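*Asks:* First, the structure itself, so that you have it in front of you.
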Amino acid sequence: MALMPWRWTRRRERTAPDPRLWGLERRHGRLHMDGQDLVALAERLGTPLHVASARTLTTRYDELCTAFAAYPAPVRVCYSYKTNRTAGVLRVLHRLGCGAEVVDEFELRLARDLGVPPAQVVLNGPNKSARELELAVEHGAGLIVADGLEEIRQLDSLGAAAGRAVPIALRICPDVKPRGMNVSSVTGSRRTQFGLDLRSGEALHAVREAAGRPHLRLRGMMAHIGSGIHDLRSVARSIDRLLDLQAAAHRAGAEPDLLDVGGGLGTRRSREFTTWELLRYLATGHLPQRPAPAPADLVSRYGATVCEAVTTGCRRRGLEVPALVLEPGRALVSDAQVLLLRVGAMRERPGVGRFALADGGAMTVSMMFLSEYHSVLLADRDAPLDGETSVFGRLPSPMDVVYRGMPLPRLQADDLLAVMDAGAYFTATETAFGGARPAVVLIEDGRARVIRRRERYEDRVALESDLETGGGDGAGA
Ligand SMILES: Cc1ncc(COP(=O)(O)O)c(C=O)c1O
C-alpha cells in the first residue's frame, strides 16, 4: 500500500476545483448545497456563514459503519465532540445512533443535555480536572480513559466512593508517527504529552496498577496517534502495540473486552501540510499545490486495516476479539460543512500580487488555514482560474489570512467564497478576535435552518462584569 495515497499536483493549476467533488452543484453559476442556493443563504443571513449538510453527515456515518460491518464483535462509534460541537450537528449524528467522545465538563454536559445514553459516552483528555472525573463517574460514562497514573488512582477512589467499579481504558503512547503529517497533528509520538509511555515501561506498570485496583474495571487500551491520517500502516502498528498491553492486562488478572483505536482518519479533499510544507508556507508564503483527491475507498480501507490488525493480532496472542470503540472526528464532519466569506475589497500591488479582503480569515478560524489545505471556490459565479490571489480577513494583522497565493478566478468586491471541508476544527477553534462568531445553518430534508445564530454584542459583553458594575465593586469570582 502506498504511504501517501496522493501526490501534490506538480503542474500549474489550470482548472478550478469541481464543486461536484463535494456533492455541490452550480445553477446559473451559483453554488447549491442539497438544493439550497448558498448565495441566497449568505444574502439572507450575512457572512461569514457556516452551512452544514445533514445528508453528508449521514453519508459519512453510514460509510464508516459499513466499513466495519464485517468486524466480528460490537463496534461503537463515539464522535469526537471537539471536532465540531455545534448542537444541531451533534443531534444529526446522535439520531443515527452515534455515541460521544468528550474531553471536558462542557462536552460532558452537552452530551447529557442532548440525551446521549451514558453508556455511549467516552471521556478523554490529558489533564482532566477532579470535577470532570467526578461528573463522569456520577453520570455513569461508559468509558473513562485514564491518561496517567494519577488518574488511575483518582478513579479508583471515585469508584470506592460510588460503591462500584469504574469502567476505564488506558491511553497509551505507542510512539507511532503517521507519515505525511506536520508536528501539530501528530499525537502518538513520545514527544507529545498524551498517554502512558510504552517504551519506558510506564504503560505496563499502569496496566498492572489498574488491573489490581478493586474499584476499577480495566476494559482495555486506547490510542489516538494523529489527525488527518492517510498512512494506514501506522494505524495497524499502533493497534499491534496496544494488543501487547491487552495481553499483559489479561496476565495481570483483568478481563479487557474492548479496544479504543481513537480517531484520526484523514479526509479525501482537504489535507494536512507536511512539516516542510508548513514551514515553507509560514516562511515564504508559498502555498502547497492543491492535492489530488484521496481514493474514494479511503474509509473502507481504513475499516479493513483496523479489522485485520485487531483480528489477526488477537489470534496471534490467543486473545478474544474485543469490542471496538472508534472516535472519529474529521472523517465524519469535515466535508459536511462549508464556510462562506464575502469579499469586501480588492487590492492590486504591482510586482507583488493581488489581495482580496474578505470578512473572515485566520482569526475567525484559529488554526486550520495555517496547517491544512482547503479548497476555496467562487460561490456566486463560475469563472476560470486567473493567477494567484492572497485572501485576507478583516483584522489589521498580517496573520489574518485565509490563504496566500491561492490560484483563484479574478475576484471582485462582493464575490462570495466557499471554503470547503470546513466541518472539522473550524467552529471548534474559532475566535472572536476576527469578529463575531458566524451563524451555522443546517440543510436537512431540503430545508435550511439556523442551528446557531451569529454572535451578538450582548453575547460578548455578557461575561464582562466590569461593564455591569460600571467599574465599581464586582460580584467576585
Ligand atoms: C482522543 C481523541 N480522539 C479523537 C479525536 C478526533 O480526531 P480526528 O478528528 O482526527 O478524527 C481526537 C482529536 O484530536 C482526539 O484527541
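The values are calculated or read from the model by the stated rules, or taken from the named source; none is laboratory data. Here the structure is a predicted model, which means the values were calculated and not measured. Using ideal geometry, Cβ is built from the backbone for each residue, glycine included, and neighbour counts are taken over all protein chains shown.
*Asks:* Out of all the residues in segment 284-308, which are out of contact with any Pro (no Cβ under 9 Å at 6 or more places or on another chain), of a type outside the set (Asp, Glu), part of a helix (DSSP H, G or I) and more than 16 Å from the ligand (Cβ to nearest atom)?
*Replies:* Selection gives Thr284, Ser300, Ala304.
*Asks:* Would segment 237-258 turn up any residue that is assigned by TED's automatic domain parsing to the domain that holds Gly142, among the β-branched types (Val, Ile, Thr) and more than 16 Å from the ligand (Cβ to nearest atom)?
*Replies:* No: segment 237-258 contains no residue that is assigned by TED's automatic domain parsing to the domain that holds Gly142, among the β-branched types (Val, Ile, Thr) and more than 16 Å from the ligand (Cβ to nearest atom).
*Asks:* Taking only pairs six or more apart or across chains, which ones have beta-carbon atoms under 9 Å, a first residue in segment 102-128 that is over 17 Å from Pro328 (Cβ atoms), and a second residue that is loosely packed, with under 15 Cβ neighbours inside 10 Å and of a type in the set (Lys, Arg)?
*Replies:* Glu105/Arg131
*Asks:* Would you pick out the residues in segment 38-76 that are within 15 Å of the ligand (Cβ to nearest atom) and either in a helix (DSSP H, G or I) or touching a Phe, Trp or Tyr at 6+ places or on another chain (Cβ under 7 Å) (or both)?
*Replies:* Result: Leu57, Arg60, Tyr61, Glu63, Leu64, Ala67.
*Asks:* Do any strands (runs of 3 or more DSSP E) entirely within segment 309-393 hold 1 or more residues that are surrounded by fewer than 20 Cβ atoms within 10 Å (Cβ to Cβ) and not polar (S, T, N, Q), and if so, which?
*Replies:* It comes to 323-326, 337-349, 353-358, 388-392.
*Asks:* Return yes when Arg394 is of a type in the set (D, E, K, R), without any contact (Cβ under 8 Å) to a residue 60 or more places away in the chain and over 29 Å from Gly226 (Cα atoms) and no when it is not.
*Replies:* Yes, satisfied.
*Asks:* Suppose we filter segment 178-231 for residues that are within 16 Å of the ligand (Cβ to nearest atom), assigned to a loop (DSSP other than H, G, I, E, B) and either more than 21 Å from Gln246 (Cα to Cα) or more than 29 Å from the chain's Cα centre (by Cα) (or both); how many remain?
*Replies:* Of the residues in that region, 12 qualify.
Table: residues versus (1) at pLDDT below 95; (2) within 21 Å of Ala379 (Cα to Cα); (3) buried (at least 21 other Cβ atoms within 10 Å of the Cβ); (4) within 16 Å of the ligand (Cβ to nearest atom).
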site	(1), (2), (3), (4)
Pro398	yes, no, no, no
Pro409	no, yes, no, no
Gln412	no, yes, no, no
Val419	no, yes, yes, no
Leu442	no, yes, yes, no
Leu463	yes, no, no, no
Asp466	yes, no, no, no
